[in-house]
1. Determine whether Asn321 is more than 16 Å from the ligand (Cβ to nearest atom), at pLDDT below 90, of a type in the set (S, T, N, Q) and loosely packed, with under 15 Cβ neighbours inside 10 Å.
2. Being aliphatic (A, V, I, L, M) and either touching a residue at least 40 places away in the same chain (Cβ under 8 Å) or within 16 Å of the ligand (Cβ to nearest atom) (or both) is the filter here; which residues of the stretch 338-350 pass it?
3. Please go through the stretch 232-262 and give me each residue that is free of Cβ contacts under 8 Å to residues at least 40 places away in the same chain and within 15 Å of the ligand (Cβ to nearest atom), ordered by number.
4. Does Glu173 satisfy being at pLDDT 95 or above and over 31 Å from the mean Cα position of the chain (by Cα)?
5. Step by step: first the residues of the stretch 324-337, then only those that are within 11 Å of the ligand (Cβ to nearest atom) and among the small types (Gly, Ala, Ser), then the one that is surrounded by the most Cβ atoms within 10 Å (Cβ to Cβ). Which residue is that?
6. Sort through Arg67, Arg102 and tell me the only one that's at negative phi, among the charged types (D, E, K, R) and outside any helix (DSSP H, G or I).
7. Write out, first by first residue and then by second, each pair whose Cβ atoms fall under 7 Å of each other, whose residues are 6+ apart or on separate chains, and whose first residue, in the stretch 295-316, is within 16 Å of the ligand (Cβ to nearest atom) while the second is modelled with pLDDT under 90 and of a type outside the set (Gly, Ala, Ser).
8. From the set of residues in the stretch 59-69 that are surrounded by fewer than 16 Cβ atoms within 10 Å (Cβ to Cβ) and in contact with a helix residue (DSSP H, G or I) (Cβ under 7 Å, 6 or more places away or on another chain), which is nearest to Leu15 (Cα to Cα)?
Amino acid sequence: MSAIENLEIIEKKTLDAISKKATLEELDQLRITVVGKKGSLTQILRSMGTLSAEERPLVGKRANEVREKIEAALLTKKEELAAKELSERIEASALDISLPGRSRPQGHAHVISQIVKEVEEIFIGLGYTVEDGPYVETEYYNFTSLNAPKDHPSRSPRDTFYVVDPTVAHPKEEIDTRKNIISDVLLRTQTSPVQMRTMEKQCPPIYMISPGLVFRPDTPDANHLPQFTQIEGLVIDKGITFGDLRGTLDHMTRALFGNDRRTRYRPHFFPFTEPSCEIDVSCGVCGGKGCRFCNHAGWLEILGAGLVDPNVLQNAGIDPNVYSGFAFGMGAERIAALRYNLPDLRLLTTGDMRFLEQF
Ligand code: DAH
(Lines give C-alpha, C1' and ligand atoms only; values in the text may rest on other atoms or scores of the structure.)
Protein backbone atom coordinates (compact mmCIF):
# COMPACT_ATOMS: atom_id res chain seq x y z
CA MET A 1 0.00 0.00 0.00
CA SER A 2 1.41 3.40 -0.86
CA ALA A 3 1.94 6.05 1.80
CA ILE A 4 -0.80 8.19 0.24
CA GLU A 5 -3.31 5.32 0.34
CA ASN A 6 -2.35 4.68 3.90
CA LEU A 7 -3.01 8.34 4.76
CA GLU A 8 -6.44 8.21 3.08
CA ILE A 9 -7.37 5.20 5.19
CA ILE A 10 -6.13 6.79 8.41
CA GLU A 11 -8.11 9.96 7.64
CA LYS A 12 -11.36 8.21 6.85
CA LYS A 13 -11.18 5.75 9.75
CA THR A 14 -10.14 8.36 12.30
CA LEU A 15 -12.79 10.92 11.33
CA ASP A 16 -15.37 8.16 11.42
CA ALA A 17 -14.16 6.98 14.84
CA ILE A 18 -14.13 10.54 16.23
CA SER A 19 -17.76 11.05 15.29
CA LYS A 20 -18.71 7.89 17.20
CA LYS A 21 -16.91 8.58 20.47
CA ALA A 22 -19.22 9.17 23.43
CA THR A 23 -16.84 10.21 26.22
CA LEU A 24 -13.84 12.48 26.61
CA GLU A 25 -11.80 9.56 27.84
CA GLU A 26 -12.49 7.43 24.76
CA LEU A 27 -11.77 10.40 22.53
CA ASP A 28 -8.42 10.91 24.22
CA GLN A 29 -7.50 7.24 23.75
CA LEU A 30 -8.23 7.61 20.05
CA ARG A 31 -6.13 10.79 19.87
CA ILE A 32 -3.17 8.91 21.33
CA THR A 33 -3.40 6.04 18.84
CA VAL A 34 -3.40 8.41 15.85
CA VAL A 35 -1.51 11.61 16.68
CA GLY A 36 0.16 10.55 19.94
CA LYS A 37 3.94 9.92 20.10
CA LYS A 38 3.58 6.42 18.66
CA GLY A 39 0.35 7.11 16.78
CA SER A 40 -0.23 5.82 13.23
CA LEU A 41 -0.12 9.27 11.63
CA THR A 42 2.91 10.33 13.65
CA GLN A 43 4.73 7.26 12.39
CA ILE A 44 4.07 8.15 8.77
CA LEU A 45 5.32 11.67 9.36
CA ARG A 46 8.44 10.26 11.03
CA SER A 47 9.21 7.88 8.18
CA MET A 48 9.28 10.60 5.52
CA GLY A 49 13.04 10.18 5.32
CA THR A 50 12.63 6.70 3.78
CA LEU A 51 10.56 8.03 0.87
CA SER A 52 11.95 8.93 -2.54
CA ALA A 53 12.65 12.57 -3.38
CA GLU A 54 9.55 12.77 -5.70
CA GLU A 55 7.18 11.16 -3.20
CA ARG A 56 8.31 13.14 -0.17
CA PRO A 57 6.65 16.54 -0.89
CA LEU A 58 3.37 14.92 -1.97
CA VAL A 59 3.15 12.66 1.03
CA GLY A 60 4.31 15.42 3.34
CA LYS A 61 1.65 17.84 2.11
CA ARG A 62 -1.12 15.25 2.33
CA ALA A 63 0.06 14.08 5.78
CA ASN A 64 -0.11 17.63 7.10
CA GLU A 65 -3.59 18.13 5.68
CA VAL A 66 -4.76 14.91 7.29
CA ARG A 67 -3.22 15.87 10.63
CA GLU A 68 -4.89 19.30 10.56
CA LYS A 69 -8.28 17.81 9.72
CA ILE A 70 -8.00 15.19 12.44
CA GLU A 71 -6.86 17.70 15.04
CA ALA A 72 -9.71 20.06 14.16
CA ALA A 73 -12.21 17.20 14.38
CA LEU A 74 -10.74 16.11 17.72
CA LEU A 75 -11.08 19.64 19.10
CA THR A 76 -14.68 20.08 17.95
CA LYS A 77 -15.65 16.72 19.38
CA LYS A 78 -13.81 17.46 22.64
CA GLU A 79 -15.78 20.69 23.12
CA GLU A 80 -19.03 18.96 22.27
CA LEU A 81 -18.37 16.13 24.74
CA ALA A 82 -17.18 18.50 27.49
CA ALA A 83 -20.40 20.55 27.17
CA LYS A 84 -22.44 17.37 27.20
CA GLU A 85 -20.68 16.01 30.29
CA LEU A 86 -21.12 19.32 32.13
CA SER A 87 -24.83 19.51 31.38
CA GLU A 88 -25.22 15.91 32.50
CA ARG A 89 -23.51 16.71 35.77
CA ILE A 90 -25.70 19.77 36.28
CA GLU A 91 -28.82 17.76 35.59
CA ALA A 92 -27.75 15.01 37.95
CA SER A 93 -27.56 17.40 40.91
CA ALA A 94 -29.86 20.16 42.10
CA LEU A 95 -26.86 22.48 42.39
CA ASP A 96 -25.70 24.46 39.39
CA ILE A 97 -21.98 24.01 39.85
CA SER A 98 -21.21 26.06 36.76
CA LEU A 99 -22.47 29.32 38.33
CA PRO A 100 -19.83 31.35 40.10
CA GLY A 101 -20.75 31.73 43.78
CA ARG A 102 -22.28 34.96 45.01
CA SER A 103 -19.90 36.23 47.64
CA ARG A 104 -21.43 38.21 50.47
CA PRO A 105 -19.36 41.01 51.93
CA GLN A 106 -18.64 40.05 55.52
CA GLY A 107 -18.77 42.81 58.11
CA HIS A 108 -16.90 43.04 61.40
CA ALA A 109 -17.06 45.08 64.59
CA HIS A 110 -16.02 48.75 64.38
CA VAL A 111 -12.50 49.41 65.69
CA ILE A 112 -13.91 51.25 68.76
CA SER A 113 -16.15 48.29 69.62
CA GLN A 114 -13.11 46.03 69.23
CA ILE A 115 -11.11 48.14 71.68
CA VAL A 116 -13.95 48.28 74.22
CA LYS A 117 -14.24 44.50 74.01
CA GLU A 118 -10.50 44.07 74.42
CA VAL A 119 -10.43 46.28 77.54
CA GLU A 120 -13.45 44.42 78.93
CA GLU A 121 -11.62 41.14 78.43
CA ILE A 122 -8.47 42.41 80.17
CA PHE A 123 -10.50 43.44 83.23
CA ILE A 124 -12.85 40.46 83.24
CA GLY A 125 -9.61 38.45 83.40
CA LEU A 126 -8.77 40.35 86.62
CA GLY A 127 -12.19 39.57 88.12
CA TYR A 128 -13.92 42.90 87.36
CA THR A 129 -17.62 43.28 86.47
CA VAL A 130 -18.85 45.38 83.53
CA GLU A 131 -21.44 48.01 84.55
CA ASP A 132 -23.72 50.27 82.55
CA GLY A 133 -25.22 53.71 83.22
CA PRO A 134 -27.61 56.18 81.56
CA TYR A 135 -26.47 58.70 78.93
CA VAL A 136 -28.98 61.26 80.19
CA GLU A 137 -27.77 61.97 83.71
CA THR A 138 -28.54 64.27 86.54
CA GLU A 139 -26.27 67.03 87.65
CA TYR A 140 -25.96 65.20 90.98
CA TYR A 141 -24.42 62.01 89.55
CA ASN A 142 -22.31 63.71 86.87
CA PHE A 143 -20.87 66.45 89.14
CA THR A 144 -22.05 66.98 92.71
CA SER A 145 -21.74 63.45 94.06
CA LEU A 146 -18.28 63.27 92.47
CA ASN A 147 -17.04 66.18 94.56
CA ALA A 148 -17.09 68.76 91.72
CA PRO A 149 -17.45 72.20 93.31
CA LYS A 150 -20.43 74.34 92.24
CA ASP A 151 -18.14 76.63 90.23
CA HIS A 152 -16.13 73.92 88.49
CA PRO A 153 -15.62 75.05 84.86
CA SER A 154 -16.79 71.73 83.43
CA ARG A 155 -20.28 72.54 84.71
CA SER A 156 -20.53 75.49 82.33
CA PRO A 157 -23.03 75.10 79.46
CA ARG A 158 -20.05 75.60 77.19
CA ASP A 159 -18.67 72.28 78.44
CA THR A 160 -21.86 70.36 79.16
CA PHE A 161 -25.02 69.73 77.14
CA TYR A 162 -27.92 70.55 79.45
CA VAL A 163 -31.31 69.10 78.69
CA VAL A 164 -33.52 72.13 78.93
CA ASP A 165 -37.17 71.93 79.87
CA PRO A 166 -38.97 73.12 76.71
CA THR A 167 -41.88 74.45 78.76
CA VAL A 168 -39.62 77.06 80.36
CA ALA A 169 -39.18 80.19 78.23
CA HIS A 170 -35.67 81.64 78.13
CA PRO A 171 -34.88 85.20 77.06
CA LYS A 172 -33.02 85.38 73.76
CA GLU A 173 -29.81 86.71 75.37
CA GLU A 174 -29.68 83.69 77.63
CA ILE A 175 -29.98 81.35 74.70
CA ASP A 176 -27.33 83.26 72.72
CA THR A 177 -24.83 83.25 75.56
CA ARG A 178 -26.04 79.92 76.93
CA LYS A 179 -25.92 81.63 80.31
CA ASN A 180 -28.19 80.36 83.07
CA ILE A 181 -29.52 77.57 80.90
CA ILE A 182 -28.43 75.05 83.44
CA SER A 183 -30.93 72.44 84.43
CA ASP A 184 -30.30 69.46 86.63
CA VAL A 185 -30.62 67.12 83.66
CA LEU A 186 -27.72 66.77 81.21
CA LEU A 187 -25.96 64.46 78.77
CA ARG A 188 -23.19 62.87 80.80
CA THR A 189 -19.79 64.38 80.07
CA GLN A 190 -17.91 61.40 81.50
CA THR A 191 -18.55 57.81 82.56
CA SER A 192 -17.59 58.68 86.15
CA PRO A 193 -21.26 58.91 87.32
CA VAL A 194 -21.39 55.11 86.93
CA GLN A 195 -18.90 54.98 89.85
CA MET A 196 -21.51 56.52 92.13
CA ARG A 197 -24.39 54.46 90.75
CA THR A 198 -22.40 51.25 91.27
CA MET A 199 -21.32 52.17 94.81
CA GLU A 200 -24.98 52.87 95.67
CA LYS A 201 -26.09 49.52 94.28
CA GLN A 202 -23.30 47.24 95.50
CA CYS A 203 -21.43 46.78 98.74
CA PRO A 204 -17.62 46.67 98.59
CA PRO A 205 -15.48 44.98 97.49
CA ILE A 206 -16.20 46.57 94.09
CA TYR A 207 -14.06 45.85 91.03
CA MET A 208 -15.79 47.25 87.97
CA ILE A 209 -15.32 48.93 84.62
CA SER A 210 -17.96 50.80 82.65
CA PRO A 211 -17.62 51.61 78.95
CA GLY A 212 -20.04 53.94 77.18
CA LEU A 213 -20.71 57.14 75.27
CA VAL A 214 -20.14 60.61 76.68
CA PHE A 215 -21.04 64.01 75.22
CA ARG A 216 -19.40 67.45 75.23
CA PRO A 217 -20.17 70.62 73.26
CA ASP A 218 -16.84 70.48 71.38
CA THR A 219 -16.44 71.26 67.70
CA PRO A 220 -15.01 68.17 66.03
CA ASP A 221 -11.34 68.50 65.12
CA ALA A 222 -8.33 66.18 64.93
CA ASN A 223 -8.30 65.69 68.72
CA HIS A 224 -11.93 66.30 69.78
CA LEU A 225 -15.28 64.69 69.12
CA PRO A 226 -18.58 65.95 70.57
CA GLN A 227 -19.53 62.35 71.27
CA PHE A 228 -16.97 59.73 72.18
CA THR A 229 -16.45 56.55 74.17
CA GLN A 230 -15.01 56.44 77.66
CA ILE A 231 -14.07 53.47 79.77
CA GLU A 232 -14.32 54.07 83.51
CA GLY A 233 -12.81 51.86 86.17
CA LEU A 234 -13.42 51.68 89.92
CA VAL A 235 -11.97 49.53 92.68
CA ILE A 236 -13.17 49.77 96.31
CA ASP A 237 -11.76 47.37 98.87
CA LYS A 238 -9.90 47.28 102.16
CA GLY A 239 -6.28 48.45 101.98
CA ILE A 240 -6.19 49.60 98.34
CA THR A 241 -3.14 51.79 97.67
CA PHE A 242 -1.55 53.68 94.80
CA GLY A 243 0.56 50.55 94.25
CA ASP A 244 -2.59 48.64 93.28
CA LEU A 245 -3.55 51.40 90.86
CA ARG A 246 -0.14 51.35 89.30
CA GLY A 247 0.15 47.57 89.00
CA THR A 248 -3.32 47.33 87.45
CA LEU A 249 -2.89 50.15 84.96
CA ASP A 250 0.62 49.05 83.94
CA HIS A 251 -0.81 45.61 83.25
CA MET A 252 -3.60 47.11 81.15
CA THR A 253 -1.25 49.38 79.22
CA ARG A 254 1.06 46.50 78.31
CA ALA A 255 -1.86 44.31 77.31
CA LEU A 256 -3.17 47.08 75.04
CA PHE A 257 0.03 48.52 73.59
CA GLY A 258 2.65 45.78 73.97
CA ASN A 259 5.40 44.96 76.47
CA ASP A 260 7.89 47.40 75.00
CA ARG A 261 5.83 50.50 75.90
CA ARG A 262 6.77 52.35 79.11
CA THR A 263 4.34 54.30 81.33
CA ARG A 264 4.71 57.56 83.21
CA TYR A 265 2.52 58.84 86.08
CA ARG A 266 2.19 62.64 86.19
CA PRO A 267 0.46 64.52 89.05
CA HIS A 268 -2.86 66.07 88.00
CA PHE A 269 -6.15 67.21 89.48
CA PHE A 270 -9.56 65.57 89.33
CA PRO A 271 -12.33 66.49 91.79
CA PHE A 272 -13.19 62.85 92.55
CA THR A 273 -9.70 61.50 93.25
CA GLU A 274 -6.93 62.51 95.66
CA PRO A 275 -4.13 62.22 94.76
CA SER A 276 -4.80 62.23 91.01
CA CYS A 277 -2.56 61.61 88.06
CA GLU A 278 -2.46 61.42 84.32
CA ILE A 279 -0.79 58.44 82.75
CA ASP A 280 1.30 58.61 79.61
CA VAL A 281 2.57 55.79 77.45
CA SER A 282 5.85 56.04 75.53
CA CYS A 283 5.32 57.02 71.90
CA GLY A 284 4.96 54.01 69.61
CA VAL A 285 6.19 55.89 66.55
CA CYS A 286 9.57 57.10 67.88
CA GLY A 287 9.92 54.77 70.90
CA GLY A 288 10.14 57.76 73.28
CA LYS A 289 12.81 59.80 71.49
CA GLY A 290 10.34 62.49 70.39
CA CYS A 291 8.74 62.92 66.99
CA ARG A 292 5.90 64.78 65.26
CA PHE A 293 3.27 62.25 66.36
CA CYS A 294 3.99 62.79 70.09
CA ASN A 295 4.65 66.51 69.67
CA HIS A 296 8.33 65.82 70.41
CA ALA A 297 7.48 64.80 73.97
CA GLY A 298 8.21 61.08 73.60
CA TRP A 299 5.04 60.45 75.63
CA LEU A 300 1.31 60.27 74.85
CA GLU A 301 -1.41 60.79 77.43
CA ILE A 302 -3.78 57.84 77.72
CA LEU A 303 -5.80 58.18 80.90
CA GLY A 304 -6.66 59.95 84.11
CA ALA A 305 -6.71 58.13 87.45
CA GLY A 306 -6.29 58.49 91.19
CA LEU A 307 -7.26 57.28 94.65
CA VAL A 308 -10.98 57.77 95.29
CA ASP A 309 -11.54 60.96 97.30
CA PRO A 310 -12.91 60.21 100.81
CA ASN A 311 -15.75 62.69 100.09
CA VAL A 312 -16.88 60.53 97.18
CA LEU A 313 -16.88 57.41 99.36
CA GLN A 314 -18.87 59.29 101.98
CA ASN A 315 -21.40 60.48 99.35
CA ALA A 316 -21.90 56.82 98.46
CA GLY A 317 -22.35 55.81 102.09
CA ILE A 318 -19.04 53.93 102.25
CA ASP A 319 -16.84 54.50 105.32
CA PRO A 320 -13.50 55.98 104.13
CA ASN A 321 -11.86 54.80 107.35
CA VAL A 322 -12.55 51.19 106.38
CA TYR A 323 -12.38 51.25 102.60
CA SER A 324 -10.18 52.90 100.02
CA GLY A 325 -10.02 52.58 96.27
CA PHE A 326 -8.77 53.82 92.95
CA ALA A 327 -10.53 54.98 89.80
CA PHE A 328 -9.54 55.68 86.24
CA GLY A 329 -11.08 56.92 83.01
CA MET A 330 -9.88 56.80 79.42
CA GLY A 331 -11.10 57.48 75.90
CA ALA A 332 -11.43 54.50 73.56
CA GLU A 333 -10.99 56.72 70.47
CA ARG A 334 -7.72 57.96 71.93
CA ILE A 335 -6.51 54.43 72.53
CA ALA A 336 -7.34 53.61 68.90
CA ALA A 337 -5.47 56.72 67.74
CA LEU A 338 -2.39 55.87 69.80
CA ARG A 339 -2.38 52.25 68.84
CA TYR A 340 -2.87 52.75 65.11
CA ASN A 341 -1.11 56.15 64.88
CA LEU A 342 -4.28 57.84 63.56
CA PRO A 343 -3.71 61.48 62.68
CA ASP A 344 -7.36 62.57 63.12
CA LEU A 345 -10.09 61.25 65.46
CA ARG A 346 -12.79 62.23 62.94
CA LEU A 347 -11.72 59.31 60.76
CA LEU A 348 -13.37 57.08 63.34
CA THR A 349 -16.81 58.60 62.84
CA THR A 350 -16.92 58.30 59.07
CA GLY A 351 -18.51 55.33 57.38
CA ASP A 352 -15.64 55.16 54.91
CA MET A 353 -15.09 51.44 54.36
CA ARG A 354 -11.62 52.00 52.90
CA PHE A 355 -10.60 53.27 56.33
CA LEU A 356 -12.68 50.93 58.50
CA GLU A 357 -11.80 47.73 56.69
CA GLN A 358 -8.18 48.07 57.85
CA PHE A 359 -9.01 47.08 61.42
N1 DAH B 1 -13.67 61.62 84.10
C2 DAH B 1 -12.35 62.04 83.67
C3 DAH B 1 -12.48 62.80 82.37
O4 DAH B 1 -13.47 62.70 81.70
C5 DAH B 1 -11.44 60.88 83.51
C6 DAH B 1 -11.09 60.29 84.83
C7 DAH B 1 -9.98 60.77 85.51
C8 DAH B 1 -11.85 59.31 85.39
C9 DAH B 1 -9.64 60.26 86.73
C10 DAH B 1 -11.52 58.78 86.63
C11 DAH B 1 -10.40 59.27 87.30
O12 DAH B 1 -12.23 57.82 87.21
O13 DAH B 1 -10.09 58.77 88.51
O14 DAH B 1 -11.56 63.51 81.99
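The values are calculated or read from the model by the stated rules, or taken from the named source; none is laboratory data. Computed from a prediction, not measured in an experiment: that's the story for all the values here. We place every Cβ from the backbone using ideal geometry, glycine too, and count neighbours over all the protein chains shown.
1. So Asn321 fails the test.
2. Leu338, Leu345, Leu348
3. Within the stretch 232-262, Arg246 is the sole residue that qualifies.
4. Considered against the rule, which asks whether it is at pLDDT 95 or above and over 31 Å from the mean Cα position of the chain (by Cα), Glu173 comes out as no.
5. Only one residue tops the list, namely Gly325.
6. Step by step, each of Arg67, Arg102 is checked, and only Arg102 is at negative phi, among the charged types (D, E, K, R) and outside any helix (DSSP H, G or I).
7. Filtered contacts from the stretch 295-316: Leu300/Cys283; Leu300/Cys294; Leu300/Leu338; Ile302/Leu338.
8. Taking the candidates together, the pick is Lys69.
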